[in-house]
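Read the structure below first, then the notes.
The values are calculated or read from the model by the stated rules, or taken from the named source; none is laboratory data. Just so we're clear, the structure is a prediction, and the values are computed from it rather than from any experiment. Cβ placement follows ideal geometry from the backbone for every residue including glycine, while neighbour counts extend to all protein chains displayed.
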Ligand code: M6R
């Protein structure tokens, strides 16, 4: 499952606010990871275990169950995206043991849970949920009954688990500690003053500390208010030996500030993040020369280049592959990460695999990187999250520096990914002698203009996108058509419209639309054409005419010098004329706004689209 977990332990005097409120606020910031049910467990000042959980979103559940009023010394919280067991009060985390003394939250999937459950039932344990997670508190309880203390029982339990997990656990018998373990699901320790934290993402505890330790696979430990213990399992003659880790050497300080993860007056994170694009792009571009220098050198000497990504990140890889072919004369192909195994088998030494992922945790992309490494290819991760799993596992990593993205729909990280990957492609072309430095400089200069161009597009087009959304909200279907670099932008526009506004939006190469899709066109069917440069005008004009002749409502995103094409359209987002590489960065902005306002006008919450989670860490 893709969930958000948090654990906190604090000394008296750490905060005036009850621990339940602190956990609720942390869960709010993790809500992008899942939101079909939510819960917390706190060990109260009186030494009791208080568990409150329910199906539903956090604001509703927290009001209903009074999260803000629960005081205590340590606690865990969870926001869930269901995999095992439907969303329900019973399946919501935390899960407890038979005696109600131990509470566990979990992100991941315990693959051998059925076997463990059968065994526990024979021991007399009774279960109240359909989840895989519930075996964990019962196993700890079982080991404790055999004489182990809480931490030893927790480690014994972890030794039995197969699958993926980030775990946090509290136990009345050791009330000031939060026990944790990580395998294949992200988990980070936050080092506060008179307090310590664990969470799936640093944004959960940024209000309290920026000092973190990113846990590695196979590590377990606990936090107490003034202490952190981390151990790693080593196999010795078939026996697991837990070896202590030097905690101090692992501490890092993150750049992100708490304000970066709050809405700052915007109604939704998505709108805030759309508006942050000029700053995110400026941040990406300010570090880009150093960021891509090593990667461009290895790319310049490479054989073939495969780029892997999912969703929006896949669309960014399509643009990067096109640019590497066109401007660096390299064999480069973009592959949907979940389909990459059919390509990875062809890899050999000298080939390069670039994994593009906002989170750096998407399991399909991560798996592709792992397989590529095994086959001897050099791997490069392009991510937005420092110290993410992909960043640590790839041979080389590049950080896009777009700042935290909370909205489930990727927006600012897409434009930052394209800016960075474009720079990388052009630099590679320059190093290979394919591009003259003067031509490369022209593109670099155009890219440097993108923060102000995007600011201008936001100013000019937001109101117009909102007006067009009045029409879109009445539609069930739409086509998004483009050619060349315009096609991935069309695909991204369609994905945004689908995922947050629930309009069935399909993207096609514009030239392909005659080979089938046009059969669906009827009066008022919206067709959005993405045109990045005047050169494409002639071809797209005929596509617009064909569609309009069959009743389509034609919407155009095109440069201001493509006047003939825009005069044919029913609605036109007139974009600044730029180098096509810079247009590929900025022309998606009106489509993000259109999807956002369509969702708003349909009364939908764009930050929490149904059935989706921000980070997909399961196959
Ligand atoms: O973290 P990643 O970039 O690897 O995530 C990939 C996709 O899950 C992600 O882009 C998803 O498609 C977004 N919801 C798109 O808005």
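When you scan the stretch 492-512, how many residues do you find that are under 25 Å from residue 319 (Cβ atoms) and either more than 16 Å from the ligand (Cβ to nearest atom) or not in a helix (DSSP H, G or I) (or both)? Reasoning before the result, please.
Applying the first criterion (under 25 Å from residue 319 (Cβ atoms)) to the stretch 492-512 yields 492-501, 503-512.
From what is left, the residues that are either more than 16 Å from the ligand (Cβ to nearest atom) or not in a helix (DSSP H, G or I) (or both) are 503-512.
The qualifying residues number 10.
Of the residues 394, 410, which is within 8 Å of the ligand (Cβ to nearest atom), closer than 27 Å to residue 210 by Cβ, buried (at least 24 other Cβ atoms within 10 Å of the Cβ) and in contact (Cβ under 8 Å) with a residue 24 or more places away in the chain?
On the way: 394 fails: within 8 Å of the ligand (Cβ to nearest atom).
Result: 410 is the single residue among 394, 410 that is within 8 Å of the ligand (Cβ to nearest atom), closer than 27 Å to residue 210 by Cβ, buried (at least 24 other Cβ atoms within 10 Å of the Cβ) and in contact (Cβ under 8 Å) with a residue 24 or more places away in the chain.
Does the stretch 360-371 contain at least one residue that is modelled with pLDDT of 95 or more and more than 15 Å from residue 309 (Cα to Cα)?
No, the stretch 360-371 contains no residue that is modelled with pLDDT of 95 or more and more than 15 Å from residue 309 (Cα to Cα).
Taking the stretch 98-124, which residues are surrounded by fewer than 19 Cβ atoms within 10 Å (Cβ to Cβ) and assigned to a loop (DSSP other than H, G, I, E, B)?
98, 99, 100, 111, 112, 123, 124
Does the stretch 446-455 contain any residue that is within 16 Å of the ligand (Cβ to nearest atom), outside the structural domain of residue 32 (by TED's automatic domain parsing) and within 25 Å of the chain's Cα centre (by Cα)?
Restricting attention to the stretch 446-455, the residues satisfying the condition of being within 16 Å of the ligand (Cβ to nearest atom) are none.
Among the residues of the stretch 446-455, not one is within 16 Å of the ligand (Cβ to nearest atom), outside the structural domain of residue 32 (by TED's automatic domain parsing) and within 25 Å of the chain's Cα centre (by Cα), which makes the answer no.
Would the stretch 356-372 turn up any residue that is under 30 Å from residue 206 (Cβ atoms), within 15 Å of the ligand (Cβ to nearest atom) and assigned to a strand (DSSP E or B)?
Checked against the condition, which is being under 30 Å from residue 206 (Cβ atoms), within 15 Å of the ligand (Cβ to nearest atom) and assigned to a strand (DSSP E or B), the stretch 356-372 yields at least one hit.
Of the conditions (1) on the phi > 0 side of the Ramachandran plot; (2) part of a helix (DSSP H, G or I), residue 140 fails just one. Which one is it?
So residue 140 meets the others, but not (1).
Hand me the list of helices (runs of 4 or more DSSP H) wholly inside the stretch 532-619 holding 3 or more residues that are farther than 24 Å from residue 33 by Cα, touching a residue at least 40 places away in the same chain (Cβ under 8 Å) and away from the ligand (no atom under 16 Å from the Cβ).
On the way: elements: 537-549, 563-568, 580-586, 589-601.
So the answer is 537-549, 580-586.
Test residue 489 against the criterion of being within 16 Å of the ligand (Cβ to nearest atom), assigned to a helix (DSSP H, G or I) and under 30 Å from residue 407 (Cα atoms), and give yes or no.
Numbers: within 16 Å of the ligand (Cβ to nearest atom): yes; assigned to a helix (DSSP H, G or I): yes; under 30 Å from residue 407 (Cα atoms): yes.
Criteria met by residue 489.
Look at residue 121 and say whether it is in contact (Cβ under 8 Å) with a residue 12 or more places away in the chain and in the same structural domain as residue 32 (by TED's automatic domain parsing).
On the way: in contact (Cβ under 8 Å) with a residue 12 or more places away in the chain: no; in the same structural domain as residue 32 (by TED's automatic domain parsing): yes.
Against the criterion (in contact (Cβ under 8 Å) with a residue 12 or more places away in the chain and in the same structural domain as residue 32 (by TED's automatic domain parsing)), residue 121 does not qualify.
Failed condition for residue 319, given (1) assigned to a loop (DSSP other than H, G, I, E, B); (2) more than 13 Å from the ligand (Cβ to nearest atom); (3) crowded, with 21+ Cβ neighbours inside 10 Å, with all others met?
So residue 319 meets the others, but not (1).
Being buried (at least 16 other Cβ atoms within 10 Å of the Cβ) and either part of a helix (DSSP H, G or I) or free of Cβ contacts under 8 Å to residues at least 60 places away in the same chain (or both) is true for just one of 53, 86, 64. Which residue is that?
One residue alone meets the criteria, 53.
Are any residues in the stretch 323-339 more than 16 Å from the ligand (Cβ to nearest atom) and surrounded by fewer than 22 Cβ atoms within 10 Å (Cβ to Cβ), and if so, which ones? I'd like the intermediate steps shown before the answer.
Going through the stretch 323-339, the residues more than 16 Å from the ligand (Cβ to nearest atom) turn out to be 323-333.
Residues satisfying the conditions are 325, 326, 329, 331, 333.
Within the stretch 446-458, can one find any residue that is free of Cβ contacts under 8 Å to residues at least 40 places away in the same chain and part of a helix (DSSP H, G or I)? Show your work before the answer.
Step one: list which residues in the stretch 446-458 are free of Cβ contacts under 8 Å to residues at least 40 places away in the same chain, which gives none.
No: the stretch 446-458 contains no residue that is free of Cβ contacts under 8 Å to residues at least 40 places away in the same chain and part of a helix (DSSP H, G or I).
Looking at 198, 214, 228 in this structure, which one is within 22 Å of residue 14 (Cβ to Cβ), in the same structural domain as residue 8 (by TED's automatic domain parsing), within 22 Å of the chain's Cα centre (by Cα) and surrounded by 16 or more Cβ atoms within 10 Å (Cβ to Cβ)?
Values: 214 fails: within 22 Å of residue 14 (Cβ to Cβ); 228 fails: within 22 Å of the chain's Cα centre (by Cα).
Step by step, each of 198, 214, 228 is checked, and only 198 is within 22 Å of residue 14 (Cβ to Cβ), in the same structural domain as residue 8 (by TED's automatic domain parsing), within 22 Å of the chain's Cα centre (by Cα) and surrounded by 16 or more Cβ atoms within 10 Å (Cβ to Cβ).
Can residue 152 be described as modelled with pLDDT of 95 or more, over 24 Å from residue 204 (Cα atoms) and buried (at least 16 other Cβ atoms within 10 Å of the Cβ)? Full working, then the answer.
On the way: modelled with pLDDT of 95 or more: yes; over 24 Å from residue 204 (Cα atoms): yes; buried (at least 16 other Cβ atoms within 10 Å of the Cβ): no.
No.
Report yes if residue 429 is at pLDDT below 95, outside any strand (DSSP E or B) and away from the ligand (no atom under 16 Å from the Cβ), otherwise no. Walk me through how you get there before you give the answer.
On the way: at pLDDT below 95: no; outside any strand (DSSP E or B): yes; away from the ligand (no atom under 16 Å from the Cβ): yes.
For residue 429, the condition - at pLDDT below 95, outside any strand (DSSP E or B) and away from the ligand (no atom under 16 Å from the Cβ) - is not met.
Given the criterion at pLDDT 95 or above and either buried (at least 24 other Cβ atoms within 10 Å of the Cβ) or not assigned by TED's automatic domain parsing to the domain that holds residue 588 (or both), identify the matching residue among 419, 402. Spell out the reasoning first.
Values: 402 fails: at pLDDT 95 or above.
Of 419, 402, the one residue that is at pLDDT 95 or above and either buried (at least 24 other Cβ atoms within 10 Å of the Cβ) or not assigned by TED's automatic domain parsing to the domain that holds residue 588 (or both) is 419.
Whether any residue in the stretch 295-314 is within 16 Å of the ligand (Cβ to nearest atom), farther than 25 Å from residue 443 by Cβ and in contact with a helix residue (DSSP H, G or I) (Cβ under 7 Å, 6 or more places away or on another chain) is what I want to check.
For the stretch 295-314, residues within 16 Å of the ligand (Cβ to nearest atom), farther than 25 Å from residue 443 by Cβ and in contact with a helix residue (DSSP H, G or I) (Cβ under 7 Å, 6 or more places away or on another chain): present.
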